[in-house]
Structures are given as structure tokens and as C-alpha cells.
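Only one structure is covered here, and it is reproduced in the block below.
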Amino acid sequence: LGPSFRSTLRPYPSPPLSSYAATCAMRPKTGLQYSKAFLFIGILVLAGVLFASDWSLSNLPGSVLIPQIVDSFAPGEEVANQGRTTGAASGEQRPHGDTLGEELSDGAAPAAADERLEATTAVAAENVPAPLEQDVVEAAAENVEVAPAPQAPPPLEDRSVEAPQEEAEAETVKEEAPPPQKKRQRKQDEPGKYSPKVHAKGAECGVQGYNFGIIKIAEECDKLSAGTETCGGTFMFSKKHPDWHCRCCTQDGADSGPQSPDWDVYVVLSERKAADDVGDDGKPSDADGSSGNAKGKSRGKFYKNGRECGKQAVNFGRVGKPSDCDFLVAHTEGCGMQFMFSVARPEWACRCCSPDGGEDGGPASAVWDVYNARTERPKVFVDVPTAPPVPHASKGLPVAEGDRPDWLIKEDALVVDTRDPPGSGGILIIQAVLSDARADWGKSSGMRPHWLRAILTTNRAHARRHGHAMILRAQPSQPQLTRWQWRNCGMKHMEKCLKDNERENFNWEKHLMIKEYMLSPQNFTHILMLDADAAFVNREHDTLRQIASILEAKGKDMFLTDEDWLEHGEGRINGGLMFAKNTDFTKGLFQDTFDAHLAGSAMLKNWRIGVDEMECSSNEQICLNDLWQGKGKLWFEPHAMMASGLIYNRGAERGGEKHIDSPSVEVMHWMGGSKANAGIALCNGPRDFTGDGPNGYGCRLK
């Protein structure tokens, strides 16, 4: 059986034998094709007889080609040519040179192989034409090449049994099934496998242990909390607002926190461990007393154990471990190259020693140590980078025509000014329209979103009707990043750092604007900061003079609203509406809050309003709540009042929008996903809120 015969038998890529026989039956046949088909069937019948008699085919010419032919027409039968223990299925130790036995035995008994061959022969025989004349067969056979019998391969080593060769030949050797694969256990901290466990739903920590900054997912917050000494077994995290930061609770601070629908307290599920640079004795774990640094090539080493700085320079606030403090100190010009840090009490802050020998002469301490900063100090201290300005920032906004008033600050734009008398005093409405990375507020290069145009036009109509001034800020102040934010970003990847801190910094822009216009020579009597997704909906009421009258009656300077339209929202400030009377207290207040934001975790000391020391390193709403019911309450509460959000700052989501025509609602606030409905509510309802009609700036669709 030579190559020419095999090529004739393989006209198509390995079809089943039955299909091949049927195909042959339908094709016109030549004499040579009939002879070859008949010869092939005869070989198959002979093979079946030999198998039934349990004969060996190793000495027959071309025997090694039989399984190849069978395999070519039966692709479903797998053929293993190497590394197989022969005769395993039959219980007989076949000679290693028995090629047919090695190639056809795939865990099936010889009887099964016989049945397959007999079935194959029967199927093929049904489609074979009448026998050819003998002379035709002989003529075809003369052209057939006969392959020489192969030499037997060397015996295979049986590694499964260490018995003598005689015993191995006498005993049945069975293939061992592969061991069952163990189902991989899911680890709790595997990405994608984390399943958070809620300790208290809709609540905050009673006492916070550490603020880790912006963390995108609860799993990462879990890991950070597990690796920080000051954290207990719980942490608070807002899935809806991850920009509110990941914050762990202290060991006893998981319970009794204020209720909040956007916060949840979770159980720490990651393996608890000490900080990576802290040993069992509370000292750095390296043999030389040094610590690693994830942010830079640093190895902070003790300068003096059990001591404080003789003279402190900069307080960086809460820092998790000495290596992080090391990085901050090395990149701060006002610091020497030593710092004091308490591993036992990291909440006592990272503090650098002054550059004029402040590392020496400090008092002894059981919990403080003075370290050498080992991060390489830059040759030139680079200031916080400035982002490129937004081109044509006010394009697409309802800016008043005519000359721009010189009392406007930075690149702010005037919408309307109907104060009487003009040019001095009166009430100023401020709205910040800062285009974020997601373009929720529209792009300055095109038409603004329908909902935004409808809201701004509605507020313009209210200001025009009741004699107020209204301005917009579309260009964020520079630098947008604070020094501590830039250091926390490792002082690289400015665009990513800007994006990570964008939401918070845009909210803090509101405090900066109030501060700037409180100090304006225009001497505004009152200033309203209103989010750009909130609108006056009671056109007939002069809402702002009504609020000013309430402040006068109560002897207060600051008007705030809560979220009592939400479950558990009563008493919690919503920063979307802040109305301030222009007094010494409010001037100092907004200077203090913005300065506290700049200070970050280092905390602003000696506030103008009287607070000794307080941190405002998160969003401005949390800072206001801390002033209202936290550390600043003693100084803040006598000057501020809280009004019902149901009246003066009604959330539009969760069915709130249906109250837009209620005579008791003064301001409607379309927060979050409800923004898209604002244009429909203000333009398509029974009342004309915008004052411009359906084809005006606020309501037209194109």
C-alpha cells in the first residue's frame, strides 16, 4: 500500500467512513477506482477476522498502514502514538512492537474495536458495486506500492510500578485516571470575588479612625482598613459617592454614628495586619530600623528614639506610616530632613522638624520618635501645577450682552443685574457651571444641555423679576489642586490627579466664590450660592428677601437647608443652597473653610470664627456638617440656622419633582440622575418658569 493508493483514499479531509462510502456510490466510477475500493474493503474484512482471532498483524506487510487508513475515515477515534501503556484495556501485556494494538487501544476493549470494524465493514459493503473482473484487480495490484514493515520501537519504561519485569508482564497494568481537580477556593480579597458585608446600612461611623482619600471600590477600602493600626474592624464607604473618601472606624467607633442614606458601615473582611513598616514592637520591621516607601525610594531611619522635634515646622496631619511621612517631608521646602512620627498614635500626625536644627533638643516621649527623611530631596521645589484654562468657558451660557462690569472677579460672567439702586449692595446669586470630565454640564464648544439651559433661564427670570444680580463661573480657579492633593498623587500624572479630585475641588469653588464676593467693594448685603442644577420654582415669591427676613427675625447670619425630604435626612446639611448675610462672621467663615481645605489633614488652626483646630480635607458638605453638629458647633451654631429642604431645597428625585407646582416649594433641586428631567418639568408644564416661552434659550431643543 503505497502513497499513490493512500492519496486516492483521501480525496476530502477525513469524512466519516459511511459518508465516504455513500459519496463513492454516487460518483461515476472508473475501473481503477472500483478495484481500489474493492481491495480496501477486502483489507478491512481481513483485519476484522484477524482481530476476532486475536492475531498479531505486526508481521503482515503494510500492517502499520491499516490503523492510519481507519483513522483517516473515522476522525472521532483519537489515536495516541506515544507514551501509552499497551494492552491496558484488555488486561493483556501486548508486545511493544504491536503497532496496531498501541494505536487502536484508547481505553476500549478489543471486543469494542472488533464491533467498530465490523460495523464499518458492513456500512461500506452496502455501497460497494459488483465485484470487478479478476484481470482488472490484478492490473491494479501491480501499481500498488508495499510499505516495509516498521521496526519495533524500544520497550517503554513503566514508571507506575516498581515491580520486576517478569511480574510486570504477568500482571495487568491499568492506566490511572488523572486525579480530580480540586475546586479552587475563592479568596476574599481576590479582585472580582469580593462580597462586602454590611455592619450598619445607611449610617456613618460613630468615631472615624482614618481618612484614606478617594478610593473607587469598597474592596480597596477594606484592604486599607485591614492594614492600618488606627482602624478597627469596620469602615464607612459610599458606593454612590466614592469621592467622599474611604474612612475606617476606630476599634469602638463602628456604632452610634449619624444616619445617612448614602453611607454604609462595612465589616473589614481582609486579613488584618500591621502596617508594612511596623513590627511587633511598634518599630520599623527592617533589621536596620528602616522602613520602605511605596511612593519613592526611601528608607526612613531613626534619628532619635523616644523623642520629639525640638522645633516643629509643618504638620501634615494624619499619615498612615513613617514612609509616607518621609516622602511628604522631603518634598516640602519648609521642612528640615527630620520628622517626628508616632507609630502607636498615627492620628497625632506627621510633623517635620524645622530646618534650623529643630531635630535636636526635643522632650523625651514614650510614643514619639524622630526619623531621618531618606527620600531624595528635589533640587528644585516644583509648585502645584496649573491646568490649562478652559477655552471659551462661558460659551453657550446666558451671558448678558454689553460691557462686562469691572466688579466681576476672574473670568466670571454676568447674567442679569436689576438691583435698585444699581451698582451697590443688594442680593447676589452665584452659580458655578464648571465642565467636568464627563461633560455632565455640557461642553463649552457647543450647545449646553437642555436641563441646564432651562434651569439657568428660570433663575435669570427670578432675579430679573425681583431685583437681584446673578453671575456664573465657568472657569475654575487655578491651581485646582492643593499641595496636599498633589503630594498624595506622588507629584505626577497631573491629569489623573485633577480628575480624581475634580468633584471635591469644584464643590470647594463655591466657598471660594462666596469668600471673594463677600470681600467685594460692591458690598452685597446677602449672597446666595446655588448649585447649577437647582432652580426657583415659585415665581410670585421673592424667595431670597423672604429668607433674609427670616435671618433678621432669628438674629442669624447663615441660612442652610437639610435633606428632610429623604429618610434619615433631617438635620443633615445639603450644600446645594447656602444663603449668607454679609457680616464679619460670614466673611471669616468662608475664609476659614477654604483655608482648611487648602491645609487638608494638617488641619487649620486658630480659625477666624474661633475654632481651635479642625480638618476639612473631604468635600465641603461634610465640613459644614462638622461645623453644624461636630467640633465647630460651639462657634458655628449661634450664627447659623437650618431650614426645611422640603420648602427651600426640595430634591427632585424619588418623586420629589411632582411637587414643583406646590405653593410651599421655593427651590427645586435636580440632583444626580434626575437632572435630565429638569428641562421637561420647567418647559413643558402648565407654567412658564423660564419667562422666554417654548422657543427661548432655555426651552428650545435645537
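Considering only strands (runs of 3 or more DSSP E) fully contained in the range 204-255, which possess at least 3 residues that are open to solvent by less than 20 Å² (accessible area, probe 1.4 Å)? Walk me through it before giving the result.
Values: elements: 208-213, 234-237, 246-249.
Per the criteria, 234-237, 246-249.
Filter the range 608-632 down to the residues that are open to solvent by less than 20 Å² (accessible area, probe 1.4 Å) and of a type in the set (Gly, Ala, Ser) and list them by number.
If the condition is that a residue be open to solvent by less than 20 Å² (accessible area, probe 1.4 Å) and of a type in the set (Gly, Ala, Ser), then Ser617, Ser618, Gly632 are the ones that fit.
Which pairs do you get when a residue that is at positive phi, found in the range 345-365, comes within reach of a residue that is open to solvent by 60 Å² or more (accessible area, probe 1.4 Å) and modelled with pLDDT of 90 or more, reach meaning Cβ atoms under 8 angstrom, with the pair 6+ apart or on two chains?
Final answer for the pair search is Gly357/Lys311; Gly361/Lys311.
Which residues, counting only those in the range 548-595, are more than 21 Å from Ala534 (Cα to Cα), out of contact with any helix residue (DSSP H, G or I) (no Cβ under 7 Å at 6 or more places or on another chain), in a loop (DSSP other than H, G, I, E, B) and touching a residue at least 12 places away in the same chain (Cβ under 8 Å)?
His568, Thr583, listed by residue number.
Within the range 633-702, which helices (runs of 4 or more DSSP H) (wholly inside it) include 3 or more residues that are more than 23 Å from Ala463 (Cα to Cα) and open to solvent by 40 Å² or more (accessible area, probe 1.4 Å)? Please lay out each step first, then the result.
Values: elements: 633-636, 645-648, 678-683.
Output list reads 633-636.
Note down all Cβ pairs under 8 Å where the first residue falls in the range 483-499 and is over 21 Å from Asp436 (Cα atoms) and of a type outside the set (Ser, Thr, Tyr), the second is in a loop (DSSP other than H, G, I, E, B) and open to solvent by 50 Å² or more (accessible area, probe 1.4 Å), and they're at least six residues apart or on different chains.
What qualifies is Gly490/Lys295; Met491/Val382.
So, in the range 329-353, how many residues would count as being touching a strand residue (DSSP E or B) at 6+ places or on another chain (Cβ under 8 Å) and either within 17 Å of Phe381 (Cα to Cα) or among the β-branched types (Val, Ile, Thr) (or both)? So that I can check it myself, show each step before the final result.
So in the range 329-353, the residues touching a strand residue (DSSP E or B) at 6+ places or on another chain (Cβ under 8 Å) come out as 329, 332, 334-343, 346-347, 349-353.
If we keep only those that are either within 17 Å of Phe381 (Cα to Cα) or among the β-branched types (Val, Ile, Thr) (or both) too, we end up with 329, 332, 334-337, 343, 352.
The total comes to 8.
Looking at the range 342-381 only, could you name the residues that are of a type in the set (A, V, I, L, M, F, W, C) and surrounded by fewer than 22 Cβ atoms within 10 Å (Cβ to Cβ)? Break it down stepwise before answering.
Filtering the range 342-381 for residues of a type in the set (A, V, I, L, M, F, W, C) gives 343-344, 348-350, 352-353, 364, 366-368, 370, 373, 380-381.
Selection gives Val343, Ala344, Trp348, Ala349, Ala364, Ala366, Val367, Val380, Phe381.
Can you tell me which of Lys499, Lys515, Lys554 is of a type in the set (D, E, K, R), surrounded by fewer than 23 Cβ atoms within 10 Å (Cβ to Cβ) and at pLDDT below 95?
Exactly one residue qualifies, and that residue is Lys499.
Hey, Phe339 hits all of (1) assigned to a strand (DSSP E or B); (2) open to solvent by 20 Å² or more (accessible area, probe 1.4 Å) but one; which does it fall short on?
(2)
If you go through the range 310-319 one residue at a time, do you hit one that is part of a loop (DSSP other than H, G, I, E, B), open to solvent by 40 Å² or more (accessible area, probe 1.4 Å) and farther than 27 Å from Ala596 by Cα?
No, the conditions are met nowhere in the range 310-319.
If I go through the range 599-632 residue by residue, how many of them are at positive phi and assigned to a loop (DSSP other than H, G, I, E, B)?
So the first thing to find is which residues in the range 599-632 are at positive phi, and the list is 600, 603, 606, 610.
Right, trim to assigned to a loop (DSSP other than H, G, I, E, B) and you get 603, 606, 610.
Residues in the range 599-632 being at positive phi and assigned to a loop (DSSP other than H, G, I, E, B): 3 in total.
Could you list, in sequence order, all residues of the range 566-592 that are open to solvent by 20 Å² or more (accessible area, probe 1.4 Å), touching a strand residue (DSSP E or B) at 6+ places or on another chain (Cβ under 7 Å) and either of a type outside the set (Lys, Arg) or at pLDDT 95 or above (or both)? Don't jump to the end; show me each part of the working.
Filtering the range 566-592 for residues open to solvent by 20 Å² or more (accessible area, probe 1.4 Å) gives 566-568, 570-572, 581-585, 587, 591.
In the following step, the residues that additionally are touching a strand residue (DSSP E or B) at 6+ places or on another chain (Cβ under 7 Å) were identified as 566-568, 570-572, 581-582.
The answer is Leu566, Glu567, His568, Glu570, Gly571, Lys581, Asn582.
The values are calculated or read from the model by the stated rules, or taken from the named source; none is laboratory data. Note that the coordinates shown come from a computational prediction; the quantities given were computed from them, not determined experimentally. With ideal geometry, Cβ positions are generated from the backbone for all residues, glycine too; neighbour counts draw on all protein chains shown. Heavy atoms of the whole protein, side chains included, go into the accessibility calculation; ligands, DNA and RNA do not. Shrake-Rupley method; radii C 1.70, N 1.55, O 1.52, S 1.80 Å.
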